[in-house]
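In what follows, a single structure is set out as structure tokens and then discussed.
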Amino acid sequence: MEIKEKIDNWLKEFLKNLNLEYKDSLTIYSKNKPFCLIEIFNPQIPPEHPLYLERTVDKVRQINSPFFITWNLKDTILWRTPKKGISISREYRLKTYFTIQQIPNVPKPVINSLIESLLKQRLTEIINDLKTLSEVGHLYQVDIDAEFFVHRLHKAVETISPLLKKSLSTQFSLKPQFKKEILAWAAKQGIANYEEESFLEVLSRQIVYRLLGKILFYETLRRHFKELPEPDFSSLDPSLILKKLSGCFEKAKHIDYQAIFEEEIIDNVPYPEKALLELQSLLDDLNRYNFSNMPQDVVGKVFEKLIPYEERHALGQYFTREDLVDFILTFCIGSKDNFILDPTCGTGTFLIRGYDRLKFLGERDHKKLLSRLWGIDIAKFPAQLATINLYRQRIEDFENFPRIISCDFFEIKEDTIFQFPPPRKDFKNHEFIKEKIPKFDCIVGNFPYIRQELIEKKVKGYKKFLEKVLAEDWLVIYPDVFELKEKDKIKDYLKNGLDISPLMEKAKLKLSGQADIYAYLFFHCGYFLKEGGRIGIVTSNAWLDVAYGYELQKFFLKNFKIIAIVESRCEPWFEDAAVNTIFTILERCSNKEERKNHLVKFVKLKKKLKELIPQNLEFPHQRWQGIEKLVSKIENSGSEFYKLEGTRFICTLKGHKTYEDDNFRIRVIKQGDLLKELESQGKTAKWGKYLRAPEIYFEILEKCRDKLVPLKEVAEVRFGIKTGINEFFYLDDEKIKKWKIEEEFLKPVIKSPKESDTILIDPQKLKYKIFICNKSKEELKKEGKSGALKYIEWGEKQKTKNGVPWPEVPSVKGRKYWYLSEERNEPIVWIMLYNPSFKTFLNKEKTLIDHTLYGISPKIDIFGETLIQFLNSSFANLQAEIIGYPQMAAGGLKTHVEDIQNFLFVPSFKLNKNIQKSFLKLLSRPIKPIFEEVKMKDRQELDSAILEALGLDPKVYLPKIYEGLCELVRERLELPKMRKKARKTKTKRDIEKLKEDVIREILPDGVKKFPEDFWDVSIKRGKFKELDLPDQPLEISQPFLGEITISSKNEFTYKTRNPSEAKYLKYAHYNGAYRVKIPVEPIFILKTVSAYERYIRDLKNRLFEAFYNRIHDQKLSHNLTQSALETLKLPEIQSK
């Protein structure tokens, strides 16, 4: 007998005693209407196969069935039928049943007694679910939605962690050794840099996160391995919960990757009773969820949502979106045989997508796939989740053990061997699998944004440890990056077979102390990379332009081909990170000539990734092929400049070449030229300009190459006044009056650029004066300067927030008098951080300037006038946008003293009447934001005059300068706005999606119409009257002498003595009726209204229950229920 016939017969047998009917083959009916069609496939066809799924949907729509099931005997999915015109997708999936592993993956499996029993069990489960759907309207156990599943987990964290914090505090005071062990554990997790109070808070949350991770995976694992006990603790004494959980985890070790469930010191922290009660409640709620086919992104998304932004930011952790990951992987993974490492793997997004990339390239063997994916993370919890995410690719495979290691990547050496406890069916077999860490073809990741010196403050000796590690990696291969007197002895040591470890101990890394930890990670990653292998890393863009970038740039240029440096200026890649990000692709190359002739691509993305990359992950071939075309476009740019000379390819490009289309701007530069530039400067070459600068910038530099010199050759640039204690030295009018300070000790000071909207500083308009006194207290007393004296004596009694007396503050302590401040009043004032308008101040009155401004003093007076004019030109503004550092919080632009010193100026400028005349017009008017400023006639006159003085035609160059400048400013200002908007929009979109899903589930056929859907047979047979209703809102009066008036503003009036009739009209109007049929018999009106109100109340309860089953938050569920009723345009009916 065919399997379909067997299932058909079983269905008839099972449905006899239920309220479900069975008429047609494999179609279940409810209330005499088709309710669910069951479509059977052979085991080789996945139940979500797009082609078969669409065919099934067509069949289901023909019979108007609200639900259907696709079942290939092994796997089963229950679906909600989408409305006509809407494609089937994951969001219509109601439930995914666990896989029946015993059924072979063949077209026609043999149905023995065991398989028949399993199929009958599955059919019983399906029928029970359909019965629940028919009677209740939704399933009690629902598939997991990351966005709202996290609400329940978040509640647990918020409830349990404060209670654990108190418990930790108590344990720390009672058990010093326990405290010491916990602190050591925390340092290894990267959470050691906290003061005690904050530390306890973060630690308590980490403990809860880790426990939740174990519980989540246990629940997922249990769906595939029925021998694991169900964690039902509803009737258990709360004090026994942790013990029972520990027992569950212990059993899971026999079939699971043991590292997930192994115990650590933090598992011994005692839980207070209230925390145990919340844990008990959580476990009960988790039983409502269906873990059998949890989408692969859920665990990562839960982690992302669960851990607050502040904690992630402190740990430098951000979560990388899949389209960015796939873009990087396509650059780096070129073969199915590649070995891949993510050294800061977090929850494993790069590894999961790497798994998919290797499959696309031809590797189908799951065991081989996992053996080529290695992940490392110093933090236990994300490493645990990475293990879970990879494990879930094929959870039933007993050869399935991800190579995820929780340790500090810098502790790993070339010969390090790791032990992996694989899943095992044989509970008695405890053999470990030993593997040596390999060299990798591909190293990828999103490196953390933490400055090394911040770690050093909490983990003493960490910098020295890093230096030793990198010396072991690179001292022999690349000694240039180390300071070492005996550097020339390295070859002799090696030649004579001597131990060079003493040299390694002495070697000091040349990286700046302010280097982000990712700079060190680049070096260590490079050591584990095969020749020809590639690195693809997301970092902040700081290294392109800051001091520590010099050694990093030199390291890249001398050891790798720099394939591409890619930045997007049209979207933020991370909604939470307060840094601008880039990704860098490197290829290990030891051949000097190959590196020299290689073309580096600086790539600016002009479209959002979702517009460039095919988005549907369910069609991987289309997606990967689409990305490969993008990567090929980038990598092949400039290929026309290569020519073959003998057996070598030579690059003939001089300078740079820019390619631009709708997707990219690609700037191509010979790597040998970048190395020459770097070595000639002897410091960081600002590579950011190659990504950001418009082409007109390079054209002007080329044309005026012989005229431009750095500003430091003609002027000195210095910080403004650093008072040390602004609260004392800066006084407003109110404070001056209060202390009656003498005028001679007060000088005008410009503290903020916002105090002057004009180029010319007017001291009369400034808010503050600065206290300047070079007299001793005795002199003040002798001269009768009581105001200044009393103010100083008051200041001596004040303390900082940390309890330090003001005179003892380090910044003032070394002065002759602690209250003596310096005087700085340069004639030209540059704004350190400007936004939104650009200007450089003229300081005619010698006003003192704060340290948030830079003073510029021309070395020769003749330069003063031309300098202030040039620094207020749009070409100067363009330079500032290119050399400055965008501040992500508000979009401001920051420049440093060194940047201004290297600003390009034309000393050969002569005093030009046209420049002077146009500059005078600008001098006293407010400078507008750039988009308005470039339209001003006087602005255009000044810019034109300066271009003419440079020997450039304003008609050719000025429009291009304005276009490039406006684009740079727009990008700088819009990125922070987009980041904020993305966070708000995502939250709103998640809520709307949940609301739509629940409405679709509860009301698959839509809302019943009032009044006609609420008439029974007797009402329909009765008499009706008809009434036209207005298109304006109805107002219903209170009864007056028994009469109720229904009216509107357009003179509509209707009177009735029947309250039910008033409601009838109100509900009909609410449903959009403008002509309504009203039963003549009052009892029929009452029956219709009563039936409608029961329907609304029942619907409201069902909506609330459906929301609560998903998010376990009563307040939010109530609000969403009200919102859903408003969306459905249903009236509010008071509960009885």
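Details
- Label assignment, Rg and Dmax of the Cα atoms in Å derived from the structure, set (i) 36.4, 118; (ii) 48.4, 189; (iii) 35.0, 112: (i)
- On Cα atoms only, tilt of 462-474 relative to the major axis of the chain in degrees: 90
- Likely footprinting exposure, His154, His1069, fewest C-beta neighbours within 10 Å first: His154, His1069
- Over the chain, relative contact order from alpha-carbon pairs under 8 Å, at least 6 apart, %: 7
- Charge dipole of the chain (Cα centre as origin; +1 on each Lys and Arg Cβ, -1 on each Asp and Glu Cβ, all else neutral): 1080 debye, rounded to the nearest 20.
- Toward the positive end of the charge dipole of the chain, with +1 on the Cβ of Lys and Arg and -1 on the Cβ of Asp and Glu, the farthest Cα among Val110, Phe420, Ser639 is that of Ser639.
- Per-residue ellipticity at 222 nm, computed for the chain from helices alone with -39500 (n - 2.57) per DSSP H run of at least four residues, works out to -13500 deg cm²/dmol.
- Applying a 4.7 Å cutoff between beta carbons, the unpaired cysteines of the chain are Cys36, Cys248, Cys345, Cys407, Cys525, Cys570, Cys589, Cys651, Cys704, Cys773, Cys966.
- When only the Cβ of Lys, Arg, Asp and Glu is charged (+1, +1, -1, -1), the dipole of the range 3-136 relative to its Cα centre reaches about 260 debye.
- Rounded to the nearest 10 degrees, the inclination of helix 322-332 to the longest alpha-carbon principal axis of the chain is 60 degrees.
- Placing a label point 7 Å from the Cα of Glu593 along the Cα-to-Cβ direction, the residues of the range 633-670 whose backbone N falls under 13 Å of that point are 644-651.
- As a proxy for reagent exposure, Trp71, Trp1015 were ordered by neighbouring Cβ count within 10 angstrom, fewest first; the result is Trp1015, Trp71.
- Between amide H atoms placed 1.01 Å from N, distances below 5 Å from Phe838 occur with Ile930, all of them 5 or more places distant or on a separate chain.
None of the figures in this text is laboratory data; all of them are computed from the coordinates on show. None of the values given here were measured: they were computed from a predicted structure. For neighbour counting, all protein chains shown are included, and Cβ atoms are generated from backbone atoms with ideal geometry for every residue, glycine included.
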